[in-house]
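The values are calculated or read from the model by the stated rules, or taken from the named source; none is laboratory data. Not measured: the values here are computed from a predicted model. Note that we place each Cβ from the backbone using ideal geometry, even for glycine, and neighbour counts take in every protein chain shown. SASA here: full protein model, heavy atoms, side chains in, ligands and nucleic acids out. Shrake-Rupley method; radii C 1.70, N 1.55, O 1.52, S 1.80 Å.
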Amino acid sequence: MSEEVHYGACNLCEAICGLEFRVRDGHVVSIRGDDRDPLSRGHICPKAVALQDLHEDPDRLRRPLKRVGERWEEVSWDQALDEIADRLVAIQRQHGTNSVAAYLGNPSVHNWGNLTHSAALFGPLKTRSRYSATSVDQLPHQLVAYWLYGHQLLLPVPDIDRSQYILMLGANPMASNGSLWTVPDFRNRLKAMQARGGRLVLIDPRRTETAEVADEHHFIRPGSDAALLLALLNVVLNEGLAKPGRLADFTDGLEQAAAAVRDYTPERAATVTGIAAGDIRRIARELAAAPAAAVYGRMGVSTQAFGTLCQWAIQLLNIATGNLDREGGVMLPHPAVDLIKGGNSKPGHYAAWKTRVRGLPEFGGELPVSALAEEILTPGEGQVRALVTIAGNPVLSTPNGRQLDEALGRLELMVCVDTYLNETTRHAHFILPPTGGLEHDHYDLVFHHLAVRNTAKYSPAIFPKPKGSLHDWEIFVKLGRRLRERLDERPRGSLLQRLGIRLKDEFLLRAPPHRILDLGLRLGPYGRKSPQKLSLAKLKAHPQGIDLGPLRPALPQRLHGKAKRIAAAPAAVLADLQRFERELLSQEAAAPRPGELWLIGRRHVRSNNSWMHNSQRLVKGKPRHQLFMHPQDLAERGLSDGQKVRVSSRVGSVEVEMQATEDIMPGVVSLPHGWGHARPGVKLRIAQAHPGQSANDLTDDQALDALSGNAALNGIRVKVESAAVQAA
Ligand SMILES: Nc1nc2c(c(=O)[nH]1)N[C@H]1C(S)=C(S)[C@@H](COP(=O)(O)OP(=O)(O)OC[C@H]3O[C@@H](n4cnc5c(=O)[nH]c(N)nc54)[C@H](O)[C@@H]3O)O[C@H]1N2
Ligand SMILES: Nc1nc2c(c(=O)[nH]1)N[C@H]1C(S)=C(S)[C@@H](COP(=O)(O)OP(=O)(O)OC[C@H]3O[C@@H](n4cnc5c(=O)[nH]c(N)nc54)[C@H](O)[C@@H]3O)O[C@H]1N2
Ligand code: SF4
Ligand SMILES: [Mo]
């Protein structure tokens, strides 16, 4: 048999690397980086080849499963979907619409049918009990974008290819390959910047893989970045360094912001962060003096108690130094399918309703997932009785996972659209497995909004859809239709309808994603009215991708709303400064608590959140789930390298092997999330041989960025002691 060559993009992480697949006799024989991909230029990481492992994994589910007592039974799609629809409608009729909750996990953003067609399910479901991985991740970014620029997806990215200075906080692109920043081949882009004389300054409590390639690295006490960032902003705004340039013409509130941060001196920041005041002043001056500079902060500064303040200060630093919308500063991409201009995404809304038990605010129609367990466990009107999860594993990925684990066991109905029987889906009454990543086509609707270069690429399916299987989007359409039949309703709210195209409703929901893509391309900025004339046919004719050029200035036109102005000093952010002073800057807050350590997370290039540990080639070799701890902290506790320790927090404890390393700040320990596969009923044979412990058995559902409701996963106070002593 001859060998076929296919091109496509990897959909495992935000780098969307171009790949070349060679296929023989229906089997993948090789997966390589595609040198001709205009964005990734041949870059690849070890996870790409694991796409083959996922595809061939005997543990991957292929038929709907129904739990009958203690057993799983394979059932037909019709039976599963009919029974699910009956029960969802019955529960909503008896207990109210919001008694059915939904949780959407991270791969929803990496699988485009989930974006184009989730309305088919959520239209009829109507529930306000919606949760997602956003609130354990980037919620503060979206909230700040909404407040400052009018739209939650207006997220400027460092224009690294032309930058001269990047101040980076709480991000590790050497392992993560970038986030809210589609920057494949980060290493070589950075090298090029350094060759131009540019500098990368990194702030992270761990000397990470990115610290190794940075020009300067500072440890910081976990959770204290707001103090550093506000001090930097203070120096820039109040020591005559600000030069917003043309941004001043359409920015309101810079004086107000300057007044609000006037008391936050580098000296005060030094006492809480551990970074010397002199360094803070110098960094502020370098940032202001650089011809083109970017401040960028990610997971480490979003998932902490002042995540929104951090993200606000980052935007303000970029504005005050005139680097927003400047080549080499931070810029807004112009994607070929424009979700912002096309009106296919909502700008956002905040605190329009709140969670029942704790009163946490919604954002953009979603509630903070830290509240999910208590909404299931607390009786009363509006109690969550049923849950639909889509591409999520919240037992391992959300704080106080053990509590959620317990709560899920009490649901009247749980339905999981997922490819695996894992720590979360083991609680399901029905598991609905969609096709795998190589069995459906793909286009990155979201990540082109965050990419360092404007490009477009369509990835056809590598393998045909297996008989008797459904794509994610088809599951939504079929289940949604059954719900509507039972509720006697017409469909509403599809993406196409919002495009303003008048066609028959039923047709709209059934149109496959590629039809929607074709329309989006033709109506988009490089569509039929432009010289590029992009369409699906044109992308298919260029399977390795189309280059649409470097980032270009976009402001003020791209700001959302009629006024086209930046609101630099949102009242809610300024009001949060009181909490900041009380809980971070005060002497009591800064005082060390004897015996306690700060827990942070970490990522590894061979691991992807919770769901790729079932690939032998990714998990082989030395274990990667140990607790990192500084030798000084070991010595103080009489511990020795490699021994098993017990780590305890307010919510729980785990026993895990510890690894001594000087690459972590004294007083800080690091445990990666996504492990903890040794739970009964899980069917992940390889992962279970390397189970590890879940960091989220230690993180706290009560630890939040109170303003956004985002989980504070970093900076959790823990105790570490010898596991042997405990057991004795
Ligand atoms: N302590 C701590 N916790 C964290 C983090 C941290 O840094 N520290 N990081 C947080 C972040 S940034 C994130 S994004 C979350 C992730 O949190 P989640 O999204 O809840 O978890 P994932 O591990 O991504 O789980 C993805 C699930 O989707 C399934 N899946 C994979 N592909 C598909 C598909 O195409 N369709 C369907 N239907 N299912 C699919 C997998 O089998 C798996 O069950 O974790 C968060 N949790
Ligand atoms: N290989 C791999 N790649 C991934 C993923 C994966 O699981 N594996 N997950 C993907 C997802 S869902 C996301 S959201 C992105 C995340 O992308 P990144 O944010 O780049 O990834 P992290 O490794 O979580 O980086 C967070 C860094 O913050 C540091 N940190 C922790 N606490 C603090 C603090 O208080 N202050 C400061 N300044 N730093 C702190 C940590 O030490 C860590 O180095 O990665 C994506 N890419
Ligand atoms: S960095 Fe790795 S996982 Fe991410 S898109 Fe590229 S090949 Fe895939
Ligand atoms: Mo994430």
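Among what's in the range 363-376 and is surrounded by fewer than 22 Cβ atoms within 10 Å (Cβ to Cβ) and not in a strand (DSSP E or B), pick the residue that is farthest from the chain's Cα centre (by Cα). Per the criteria, the residue is Glu374. Of all residues in the range 187-212, those satisfying the criterion of being over 22 Å from Gln311 (Cα atoms) and within 16 Å of ligand 3 (Cβ to nearest atom) are Arg187, Asn188, Arg189, Leu190, Glu209. Cβ-Cβ distances below 8 Å connect the following pairs, each with a first residue in the range 159-179 that is under 10 Å from Met193 (Cβ atoms), a second residue that is open to solvent by 20 Å² or more (accessible area, probe 1.4 Å) and not charged (D, E, K, R), and a separation of six or more residues or different chains: Asp161/Ala192; Asp161/Pro550; Arg162/Pro550; Gln164/Gly197; Gln164/Pro291. Looking only at residues in the range 377-430 that are among the β-branched types (Val, Ile, Thr) and more than 20 Å from Gly674 (Cβ to Cβ), the one that is most open to solvent (accessible area, probe 1.4 Å) is Thr378. Among the helices (runs of 4 or more DSSP H) confined to the range 394-498, the ones with at least 2 residues that are touching a residue at least 24 places away in the same chain (Cβ under 8 Å) and more than 20 Å from the chain's Cα centre (by Cα) are located at 401-408, 472-487, 495-498.
Considering only residues in the range 271-285 that are more than 30 Å from the chain's Cα centre (by Cα) and assigned to a helix (DSSP H, G or I), the one that is farthest from Leu202 (Cα to Cα) turns out to be Thr271. When the residues of the range 10-32 are filtered to those that are open to solvent by 20 Å² or more (accessible area, probe 1.4 Å) and part of a strand (DSSP E or B), the one that is farthest from Phe447 (Cα to Cα) is Arg24. Kindly check whether there is at least one residue in the range 625-648 that is within 25 Å of Thr425 (Cβ to Cβ) and either of a type in the set (Gly, Ala, Ser) or open to solvent by 40 Å² or more (accessible area, probe 1.4 Å) (or both). No, the range 625-648 contains no residue that is within 25 Å of Thr425 (Cβ to Cβ) and either of a type in the set (Gly, Ala, Ser) or open to solvent by 40 Å² or more (accessible area, probe 1.4 Å) (or both). Of the residues making up the range 342-353, not a single one is within 30 Å of Arg717 (Cα to Cα) and within 16 Å of ligand 1 (Cβ to nearest atom). When Ala289 is tested against the conditions (1) closer than 24 Å to Gly198 by Cβ; (2) touching a Lys or Arg at 6+ places or on another chain (Cβ under 8 Å), the lone failure is (2).
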